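**Q** Please read through the structure below; I'll follow up with questions.
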C-alpha cells in the first residue's frame, strides 16, 4: 500500500488489509455493511440487497450470484464493502453489452460469467466502493486491485460497474478502466417554498403547458391516493405489479419485480416507500413506487394502462416535485433517460458505467466503439443543457 497520513479513525493507508468474498448478503453483518454504506442512499443498505436476494429477485434463477467484497483492517474492523455479482447472462441490466458478447464469443472467447458491481434492477447513481468513514484511500485501491485479481484467477472476461458516482468513476478511470456515458434527468431543489415558486422559475411557455396538463387531470376526474409503506397491503402490491406488467408488455420488456420483493421492501423501509395510485371510474390506471432517503426522492417504478400519459406526468413528476418541496428534499432522481422529463423541470445529468476487460484485444475493440458512443452522448447532453425549461437569469 502507498504510504500516507493517518486517517481520521486511525487506519493508516499503509496498514495491512484483508479482502474477503461473501457469497450472499445474509453472510454479512448488517451493522458492519451499513457502517460502510451510511449516507450513500437507501439502495445500498443491507436491507435492500437482502430483499433482492432473499426474495430470489437477485438470485441464481435470474442469473445473479452474489460475491460481495468485504475489506478489513489489521484489527478485523470492516473498512470497505462493495455489492458484487457474478452474472451468466446480460438480461435485466441497464447497460447493453450484447454486441460485446457476440463479438467476444465469435472469436472463440467465453464472455460469461462476468463480474458486475451494481445494485440489481436499480439504475440509481451512487457510490459503488463503500468506504467506512475515515477509511484510507488505500482501501479503494485494494478493492479495485482485488477485483482484477479475481478476474485473472478465474478467467473472467470482464468487470462492469454500473452507475458509479463521480468519485468512484474517477477512481476506475485512474486505474485504466473504460467509461461509458448516458444522459439521465433529475430535479434539483433551488430553495423553492412551494410548487408555485418552482413554476415561477420556468419559462412562460413551459409553465403554461405544465399548468394546462395539471388542470386536465383535475377535470378528467382522476383520483390520486398515496399509500405509505407501513400501510401497503397485499392487494396494493398485486395491482401495482399488474400495471407494471401491462406497461412492460407494451414496450416488449420483461417485468422482473416480484410480490415477495416488494413486500420485503415495505417491511424493511416502512414509510420511506410510497405507492401512488391513479383511479378513475372505479379502475386503477396507473401506479408509482417511490423511495426516499438521504435527501433524495427516487422515482423508481411506474406501471399504467395504455393512454395514461398525462396521469404519468402528474404522478411521476408534478406531485413528486410537490412532495420533495414540502419535505425539504434536495433533489428528485427521475430514473433512467427520458427527454420528456426536461420539459417538466428535470435537468440532464451524465450517468456512467465503467468497464475492465481481461484481454487486450477486447479492450481495444470496446474502446474504439466507446469513443464514438461517448462523443454522441456528450453532444446530446450539451444540446439538452441548452434547452433548459427555466427562465434565463432565473438563478436556478
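**Q** For residues that are under 30 Å from the mean Cα position of the chain (by Cα) and modelled with pLDDT under 50, scanning just the stretch 1-19, find the one that is surrounded by the fewest Cβ atoms within 10 Å (Cβ to Cβ).
**A** 8
**Q** Now a separate question. If I ask for residues that are within 17 Å of the chain's Cα centre (by Cα) and surrounded by 16 or more Cβ atoms within 10 Å (Cβ to Cβ), which ones from the stretch 95-117 would you list?
**A** To start, the set of residues in the stretch 95-117 that are within 17 Å of the chain's Cα centre (by Cα) comprises 95-96, 116-117.
Within the stretch 95-117, 95, 116, 117 meet the criteria.
**Q** Under 8 Å between Cβ atoms, which residue pairs at least 6 apart in sequence (or on different chains) link something in the stretch 142-156 that is crowded, with 18+ Cβ neighbours inside 10 Å with a partner that is assigned to a helix (DSSP H, G or I)?
**A** Hits for this filter: 144/171; 144/172; 156/150.
**Q** Within the stretch 300-343, can you find the residues that are on the phi > 0 side of the Ramachandran plot and at pLDDT 95 or above?
**A** The one that is on the phi > 0 side of the Ramachandran plot and at pLDDT 95 or above: 328.
**Q** Within the stretch 351-371, can one find any residue that is modelled with pLDDT of 95 or more and more than 30 Å from residue 159 (Cα to Cα)?
**A** No, because not a single residue in the stretch 351-371 is modelled with pLDDT of 95 or more and more than 30 Å from residue 159 (Cα to Cα).
**Q** Determine whether the stretch 29-36 contains at least one residue that is at pLDDT 95 or above, in contact with a strand residue (DSSP E or B) (Cβ under 6 Å, 6 or more places away or on another chain), farther than 15 Å from residue 129 by Cα and not in a loop (DSSP other than H, G, I, E, B).
**A** No: the stretch 29-36 contains no residue that is at pLDDT 95 or above, in contact with a strand residue (DSSP E or B) (Cβ under 6 Å, 6 or more places away or on another chain), farther than 15 Å from residue 129 by Cα and not in a loop (DSSP other than H, G, I, E, B).
**Q** Further question: Mind checking which residues of the stretch 205-234 are out of contact with any helix residue (DSSP H, G or I) (no Cβ under 8 Å at 6 or more places or on another chain) and either crowded, with 18+ Cβ neighbours inside 10 Å or not in a helix (DSSP H, G or I) (or both)?
**A** Passing the criteria: 221, 223, 225, 226, 233.
**Q** Look through the stretch 79-93, keep the residues that are surrounded by fewer than 16 Cβ atoms within 10 Å (Cβ to Cβ) and modelled with pLDDT of 95 or more, and return whichever of them is farthest from residue 149 (Cα to Cα).
**A** Among those that are surrounded by fewer than 16 Cβ atoms within 10 Å (Cβ to Cβ) and modelled with pLDDT of 95 or more, it is 89.
**Q** For the stretch 118-164, what are the residues that are more than 18 Å from residue 37 (Cα to Cα), touching a helix residue (DSSP H, G or I) at 6+ places or on another chain (Cβ under 9 Å) and part of a loop (DSSP other than H, G, I, E, B)?
**A** Residues of the stretch 118-164 that are more than 18 Å from residue 37 (Cα to Cα), as a first pass: 121, 145-160.
Okay, now just the ones that are also touching a helix residue (DSSP H, G or I) at 6+ places or on another chain (Cβ under 9 Å), so 121, 156-159.
121, 156, 157 - these are the residues of the stretch 118-164 that are more than 18 Å from residue 37 (Cα to Cα), touching a helix residue (DSSP H, G or I) at 6+ places or on another chain (Cβ under 9 Å) and part of a loop (DSSP other than H, G, I, E, B).
**Q** In addition: Return yes when residue 342 is within 20 Å of the chain's Cα centre (by Cα), over 18 Å from residue 161 (Cα atoms), in contact (Cβ under 8 Å) with a residue 60 or more places away in the chain and outside any loop (DSSP other than H, G, I, E, B) and no when it is not.
**A** yes
**Q** Is at least one residue of the stretch 320-329 in contact with a strand residue (DSSP E or B) (Cβ under 6 Å, 6 or more places away or on another chain), touching a residue at least 60 places away in the same chain (Cβ under 8 Å), assigned to a loop (DSSP other than H, G, I, E, B) and crowded, with 17+ Cβ neighbours inside 10 Å?
**A** Yes, the stretch 320-329 contains a residue that is in contact with a strand residue (DSSP E or B) (Cβ under 6 Å, 6 or more places away or on another chain), touching a residue at least 60 places away in the same chain (Cβ under 8 Å), assigned to a loop (DSSP other than H, G, I, E, B) and crowded, with 17+ Cβ neighbours inside 10 Å.
**Q** Oh, and also: Could you look through the stretch 20-78, keep only residues that are at positive phi and under 22 Å from the mean Cα position of the chain (by Cα), and pick out the one that is surrounded by the most Cβ atoms within 10 Å (Cβ to Cβ)?
**A** Only one residue fits best here, namely 41.
The values are calculated or read from the model by the stated rules, or taken from the named source; none is laboratory data. Note that this is a predicted model, so its numbers are computed, not measured. Neighbour counts are summed over all protein chains in view; Cβ atoms, including those assigned to glycine, are modelled from backbone coordinates with ideal geometry.
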